[in-house]
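Enquirer: Got a structure here, written out as structure tokens. Questions coming.
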Number of protein chains: 2
Amino acid sequence: MSVMEVDLHKLKVSDPFLGQYQQLVRDVVIPYQWDALNDRIAEADPSHAIENFRIAAGHSQGEFYGMVFQDSDVAKWLEAVAWSLCQKPDSELEKTADEVIELVAAAQCDDGYLNTYFTVKAPQERWTNLAECHELYCAGHMIEAGVAFFQATGKRRLLDVVCKLADHIDHVFGPGENQLQGYPGHPEIELALMRLFEVTQEPRYLHLVNYFVEQRGTQPHYYDIEYEKRGNTSYWNIHGPAWMVKDKAYSQAHQPLAEQPTAIGHAVRFVYLMTGVAHLARLSNDEAKREDCLRLWNNMAQRQLYITGGIGSQSSGEAFSCDYDLPNDTVYAESCASIGLMMFARRMLEMEADSQYADVMERALYNTVLGGMALDGKHFFYVNPLEVHPKSLNFNHIYDHVKPVRQRWFGCACCPPNIARVLTSLGHYIYTPREDALYINLYVGNSAEVAVGNETLRLRISGEFPWQEKVTIAIDSAQPVQHTLALRLPDWCDAPQISLNGVPVTSEARKGYLHINRRWLEGDTLTLTFPMPVRRVYGNPLVRHVAGKVAIQRGPLVYCLEQADNGEELHNLWLPENATFTAFDGKGLFAHKVLIQAEGVKQTSDKPEQQSLWHYDRSPATRQTQTLTFIPWFCWANRGEGEMRIWVNEG
Amino acid sequence: MSVMEVDLHKLKVSDPFLGQYQQLVRDVVIPYQWDALNDRIAEADPSHAIENFRIAAGHSQGEFYGMVFQDSDVAKWLEAVAWSLCQKPDSELEKTADEVIELVAAAQCDDGYLNTYFTVKAPQERWTNLAECHELYCAGHMIEAGVAFFQATGKRRLLDVVCKLADHIDHVFGPGENQLQGYPGHPEIELALMRLFEVTQEPRYLHLVNYFVEQRGTQPHYYDIEYEKRGNTSYWNIHGPAWMVKDKAYSQAHQPLAEQPTAIGHAVRFVYLMTGVAHLARLSNDEAKREDCLRLWNNMAQRQLYITGGIGSQSSGEAFSCDYDLPNDTVYAESCASIGLMMFARRMLEMEADSQYADVMERALYNTVLGGMALDGKHFFYVNPLEVHPKSLNFNHIYDHVKPVRQRWFGCACCPPNIARVLTSLGHYIYTPREDALYINLYVGNSAEVAVGNETLRLRISGEFPWQEKVTIAIDSAQPVQHTLALRLPDWCDAPQISLNGVPVTSEARKGYLHINRRWLEGDTLTLTFPMPVRRVYGNPLVRHVAGKVAIQRGPLVYCLEQADNGEELHNLWLPENATFTAFDGKGLFAHKVLIQAEGVKQTSDKPEQQSLWHYDRSPATRQTQTLTFIPWFCWANRGEGEMRIWVNEG
């Protein structure tokens, strides 16, 4: 079943909520990140990313500085700019981006190679350390930027650069005798080449992805071969010499993908890889790879996914742990991993047309992805805990990776530009335009034009999602268009009501989508009502970290308790089983957001620090009622440092 | 108030429970450890400790092998042998020990210096790296061994060796121009020199301890001075270059002791240091140092002590964390730290005659210390968690330090010989013979002779502690002795009953001890009844890790649930608030031990792995009654690998 891509030119986000985020990305994040890339943020570690390109291009003298994958920050910024230009043209920004693209082009070697670390610092070491050195990863991000910039502006300059780069890579890698039989330590090139294939229809790119995927994890192991060939040298020594080479599961290379039973290793690597594999499986009609995607998705979504849409439950290796091991306070749950999860979900949706993927995508978007950025657009979380006790963070090293408030730009700055690019390309996630139907995955307010055969379906989604239950979809096409609209019925909604021009639609849903086939006329109006009562969420009995506890969700939003509203000792608050909830409009920082209150109980005592540590009797006068105030978790830590927790004692 | 030391010759442990442990130490642990020190345990890492002494003595050729503190294993073994010989003479064992002592003497340098690492491997580097290299620590352990062997056998050979060593150290360290103004990175020499002072009455040893204690943490910092002097080289690089030098709080050297507000850093270092300081404070009548002891004890005991008597709540640095941060699963709680805690408590008791110190000592002994050794005497825990989920241990690196079952001898083998020496010297903890009274701290069955002025008080404690509530103390002195017996009233016992020759004693207790002054006659019999109902223990409200949970204790013993009795998913078991307990005698492995059962509830569902990870409604049919079986925590993990937890959901 063929799937088109939404043309982001023809989609305008008008959502009052996410629209603000897009505006924040345009007005604050993109300019701020531009300053960061140019080392103009006084209080942040220098990035040096643009300067590295200048040096590689011969426009400047100096040494490479930064992470081995520093180039990718520039690529992700370019991609965000591209998508932002679709939303709102900005000639000055476009001019700046054009200049960066010229700089990138100038930094490209004659043979197509493009990577400032190796060009400037270690030109003899090109392609000698795939396991550790992110060359193919950086290439992938630049390819994504090239595709995006072409799609956004029609300009081929960067697209030509990345085609030349991709051709070079296709020349270097493959089964041939004079080729390298390698594949990336950090997947990304796979999903990028699939996008390039879609734009260029060059089959070599698809074949190269297939080669990378099938070569992965085979024996004799390429990481060992290249390690020996370069004299057992190692770039990263954080966890001991050559740990990235040795711990092959870290990069999902311990065995062929077809044999891997579970989501494993570095969470970002996993979802990036699987995004490419799902895209490849669909476009090459590869049933075996589709099965791999289903199996690994299921393991992740059914056993290793936080309620927040976070993945990667441990700091060591920023990695998955094992089934049902989901600690709330020592969790990693990198923002980038949830962005990658949205990308993986998007490709699964395109392949399967099953709303379970959109449910996860929505969970990730409205919780961890939005939560990764402060409401001011200038501060970011890399790690997204579900429970924080600030007083312990500086003392217990199991919390070394956890920050109690969002930080400015990071030394390893993958998350901020990644958040920017996903928020500016939301249109790709809202719709899946399949041949059989236009699938509507997310109820983000927008107006869009989608090609249906030779015709154009114009539609407009409006509402106050995720705060209000009503969503309206209006048809604006001047000419009637025969097509199916497939409306996702969210998993969190027990009793959705859909009406067309006031008449209830009663057709049955398939795989979570309600299909309405019709000759759509201008003025047709679908009214969707997704009742949003406050719901109690429980964990699977195998998740020991939430036994006896409950989480609060309304619509797709997971809520939490913060110290600012509820005082210290959040662990001593109880939500009675019969407590009723009041949802109400917030004020100030929480204006246009819905907060929740319930009567709870606090079990504590006066001056506990004067009491013994362990005592033999429960003192009788320790229970007092207290109003519990829940805020949407994505906007925690916007009021300074304090305790936070999602999972609350129940009983 | 002067305090004598119990002469372990004149004390025979007859306790049916701890006596078995002493026998295990004699019959299994000491011979096994002797084999280990001589590298005769096939499946364990080689120790090389005896061979190192042979090489240093010139009796053998080769290189030093092992930890920089490998010598201390030999010293701790010698100390355990000494105390064991007091309990039960063994001429063959004594002959072996004498040979080891000759070997140690032969390894001593002419100037008194004694350390095989430096003698063999780096003779030019003596005393150049106090922060990292354990020279004074090893010296301290050998001094303890020398004192013990002299006290046990009357033989001065090792005592003379360690006096020569102590004299050498006294010569090297001090305020003089040609002396080093340093102090140990790992405290131990302080407590050892205090013991040597008590035996020899040589005041230089006490003054040297005082110097080490007062010099500690002063500026300019000695660790930095010696680091610079030796050209910034570092022995340990585990947590980065010279981390032991830089992280001065790790060894309680970040500021002078008088200014330290909390128990901090490496837990073993802390309690070893404080053991010496408390001894010093008492014998030098130093009120300021006494205040330091009280302040730091109180912080530790009231805010950083596990219910098991474990200390050190994090793996990183095997260290304290901060007030009330007491995680159950990622805890360190090293066996040696609880042994050190018993030593610290002993010295506090000698100074304060307050039962709170004995309560902690008993808690540590009957839970973490006993728990550190398997019932077979051949397997040991270094780390003592309060909750284990074996399925997650190999996947989540926050558990890298946790073992689900006890291991044989360790590469860094501090714990096994430490357990052996404390179990063989129990007499030092049972009694505190003060001038005003004989304090009875622990109700371990034994018969003892204690000097009272020129007379000798003979007494015999019997019973089935900690299993049965009744303890009998019988006086065996042929001649009447006028003295006070001070009987500890355990904090876990609400209604102790004491009778003398059948007549209830009604005098009031002072600082937790019931004082009975009398002319004690042969045949006098004290009957102590310490009712041992099963008690529920709760955490201070500031301990977030146990909110809503309860622990079970009977007498001094903390109980736990194990998978072997209760199935998997221990986190899904609930103990109702009104559940009643049945205590009963165990069988097989648990013969002569009391187990506990209660009717509980299991909240789970059939085939949870087939269900969603997060679900919106509590399914109704998930509660079923289940008998909960609690075993004494110290004997967990004697039936293979399985889940374990002390803190159980209540409600």
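Enquirer: Expressed in whole Å with the largest first, what are the equivalent ellipsoid semi-axes of the stretch A:608-651 derived from the C-alpha gyration tensor as the square root of 5 times each eigenvalue? List each step's numbers first, then the result.
Expert: Values: eigenvalues 166, 45, 21 Å².
Taking √(5λ) for each Cα gyration eigenvalue gives 29, 15, 10 Å.
Enquirer: May I ask you to report, in nm to one decimal and beginning with the shortest, the distances from B:ASP90 to the same position in the other copies, taking label points 7 Å along Cα-to-Cβ?
Expert: Those label-point separations list as 8.0 nm.
Enquirer: Hey, how much of the P(r) for the stretch B:34-125 falls beyond 22 Å, as a percent of Cα pairs? Provide the component values of the computation, followed by the final result.
Expert: Working: 1168 of 4186 pairs.
Every Cα pair in the stretch B:34-125 considered, those over 22 Å come to 28 percent.
Enquirer: Provide the per residue accessible area, probe 1.4 Å, for the stretch A:11-429, rounded to a whole number of square angstrom.
Expert: On a per-residue basis, 31 Å².
Enquirer: If I compute solvent accessible area with a 1.4 Å probe over the protein chains, what percent of it on chain B is carbon and sulfur? All intermediate terms of the calculation are to be shown ahead of the outcome.
Expert: Working: 10560 of 22270 Å².
Using a 1.4 Å probe with all protein chains present, chain B comes out at 47 percent carbon and sulfur.
Enquirer: Taking a label point 7 Å out from Cα toward Cβ, give me the nm distances from B:PRO256 to the same spot in the other copies, shortest first, one decimal.
Expert: In ascending order, 7.1 nm.
Enquirer: So, one more: Using only Cα positions of the protein assembly as shown, each an equal point scatterer, no hydration layer, compute I(q)/I(0) via Debye at q = 0.04, 0.08 Å⁻¹ and quote the log10 values to two decimals.
Expert: -0.28, -0.99
Enquirer: Find the relative contact order for chain A and round it to a whole percent, using C-alpha pairs within less than 8 Å whose residues are 6+ positions apart. Present the calculation step by step, with values, prior to reporting the outcome.
Expert: Numbers: 1331 pairs, mean separation 80.9, N = 651.
In percent, rounded to a whole number, it is 12.
Enquirer: Which parts of the stretch A:517-558, residue by residue, lose 50 Å² or more of accessible area when the rest of the protein chains are there, as against the chain isolated (1.4 Å probe)?
Expert: Listed by number, the residues meeting the 50 Å² cut-off are A:ARG535, A:TYR538, A:ASN540, A:PRO541, A:LEU542, A:ARG544, A:ALA547.
Enquirer: Continuing with this model, one more query. Starting from the Cα gyration tensor of chain A, take the square roots of the eigenvalues, sort them a ≥ b ≥ c, and report rounded, prolate or oblate (rounded when a/c is under 1.5, otherwise prolate if a/b is larger than b/c, else oblate). Before the final figure, lay out the partial values.
Expert: Numbers: a/c = 1.65, a/b = 1.20, b/c = 1.37.
Taking the square roots of the gyration eigenvalues as a ≥ b ≥ c, chain A is oblate.
Enquirer: Calculate, axis by axis, the spread of Cα positions in the stretch B:147-190 along the three principal axes, and write the results as whole Å, longest axis first.
Expert: 39, 20, 10 Å, listed from the longest principal axis down.
Enquirer: Could I ask something else about it? Considering the alpha-carbon set of the stretch A:534-650 alone, what are its Rg and its Dmax in angstrom?
Expert: 15.1, 48
Enquirer: In terms of Cα to Cα distance under 19 Å, which lysines are near enough to B:LYS470, apart from those fewer than 8 places away along the same chain?
Expert: Those lysines meeting the cut-off are B:LYS593.
Enquirer: Where does each of B:510-518, A:246-254 land if you order them by average Cβ count within 10 Å, highest first?
Expert: On the way: B:510-518: 16.9, A:246-254: 20.9.
Highest-to-lowest ranking by the protection proxy: A:246-254, B:510-518.
Enquirer: The stretch B:599-638: which residues show an accessible-area loss of 30 Å² or more, assembly versus chain alone, 1.4 Å probe?
Expert: Those are B:PRO608, B:GLU609, B:LEU613, B:TRP614, B:HIS615, B:TYR616, B:ARG618, which lose 30 Å² or more relative to the chain on its own.
Enquirer: Over the alpha carbons of the stretch B:227-361, what is the largest minus smallest coordinate on each principal axis, giving the biggest first in Å?
Expert: Between the extreme Cα coordinates on each principal axis of the stretch B:227-361 lie 48, 39, 21 Å.
Enquirer: Mind checking how much accessible area A and B bury in total, 1.4 Å probe, in Å² rounded to 100?
Expert: Working: alone 24940 and 24950 Å², together 44530 Å².
Buried surface at the A/B interface: approximately 5400 Å².
Enquirer: Under 20 Å Cα-Cα from A:LYS607, which lysines qualify once same-chain neighbours fewer than 8 residues away are excluded?
Expert: Reachable lysines: A:LYS391.
Enquirer: With every atom except the alpha carbons ignored, what do you get for Rg and Dmax of the stretch A:397-531, in angstroms?
Expert: Cα only, the stretch A:397-531: 18.7, 64 Å (Rg, Dmax).
Enquirer: Just to confirm the numbers: A:SER316, label point 7 angstrom along the Cα-Cβ line, distances to the other copies in nm, shortest first?
Expert: Here A:SER316 shows inter-copy label distances of 1.3 nm.
Enquirer: Note down the nm distance, to one decimal, between modelled labels 7 Å out along Cα→Cβ at B:VAL503 and at A:CYS109.
Expert: Result for the modelled spin labels: 10.2 nm.
Enquirer: How much length is gained if the chain between A:THR627 and A:ARG230 is pulled fully straight, taking 0.36 nm per residue apart and subtracting their Cα-Cα distance, in nm to one decimal?
Expert: Details: separation 397, 0.36 × 397 = 142.92 nm, distance 6.34 nm.
136.6 nm is the gain from fully extending A:THR627 to A:ARG230.
Enquirer: Based on the Kirkwood radius over alpha-carbon pairs, what is the Stokes-Einstein translational diffusion coefficient of the stretch B:173-221 at 20 °C with 1.002 mPa s viscosity, in µm²/s? If you can, show how the numbers build up before the last one.
Expert: Working: Rh = 11.3 Å.
Calculated translational D: 190 µm²/s.
Enquirer: Kindly report the accessible area of the stretch B:477-584 per residue (heavy atoms of protein chains, probe 1.4 Å, no ligands, DNA or RNA), in Å².
Expert: Details: 4130 Å² over 108 residues.
Heavy-atom accessible area per residue stands at 38 Å².
Enquirer: Can you give the FRET efficiency for A:ALA42 and A:ALA122, using 1/(1 + (r/R0)^6), R0 = 35 Å, r = Cβ-Cβ distance, to the nearest 0.05?
Expert: Working: r = 31 Å, r/R0 = 0.88.
Step by step, r from the Cβ atoms, then E = 0.70.
Enquirer: If you wrap the stretch A:145-284's Cα atoms in a convex hull and average its projection over all directions, what's the area in nm²?
Expert: Values: hull surface 37.3 nm².
For the stretch A:145-284, the mean projected area of the Cα convex hull comes to 9.3 nm².
Enquirer: In straight Cα distance, which lysines are under 16 Å from A:LYS10, not counting same-chain residues fewer than 8 positions off?
Expert: A:LYS88
Enquirer: Quick check on the stretch A:384-448: what does the Kirkwood estimate of hydrodynamic radius come out to from the alpha carbon pairs, in Å? Numbers along the way, then the final one.
Expert: Numbers: mean 1/r = 0.0644 Å⁻¹.
After inverting the mean inverse Cα-Cα distance, the result is 15.5 Å.
Enquirer: Could you sort the residues of the stretch B:310-355 by number and keep only those whose accessible area is reduced by 40 Å² or more in the all-protein-chain setting relative to the chain alone, 1.4 Å probe?
Expert: Listed by number, the residues meeting the 40 Å² cut-off are B:GLN314, B:CYS322.
Enquirer: Is there a pair in A:LYS164/A:LYS246; A:LYS248/A:LYS289; B:LYS76/B:LYS378; B:LYS121/B:LYS403 whose C-alpha atoms are over 23 Å apart, and which pairs would that be? Intermediate values should be presented prior to the final figure.
Expert: Numbers: A:LYS164/A:LYS246 33 Å; A:LYS248/A:LYS289 21 Å; B:LYS76/B:LYS378 17 Å; B:LYS121/B:LYS403 33 Å.
Distance filter (> 23 Å) returns A:LYS164/A:LYS246; B:LYS121/B:LYS403.
The values are calculated or read from the model by the stated rules, or taken from the named source; none is laboratory data. Treat the numbers as computed from the prediction; the structure is a model and nothing was measured. Because the Cβ atoms are built from the backbone with ideal geometry, glycine has one as well, and the counts that use them run over all protein chains shown. Please note that ligands, DNA and RNA were not included when accessible areas were found on the heavy atoms of the full protein model with its side chains. Shrake-Rupley method; radii C 1.70, N 1.55, O 1.52, S 1.80 Å.
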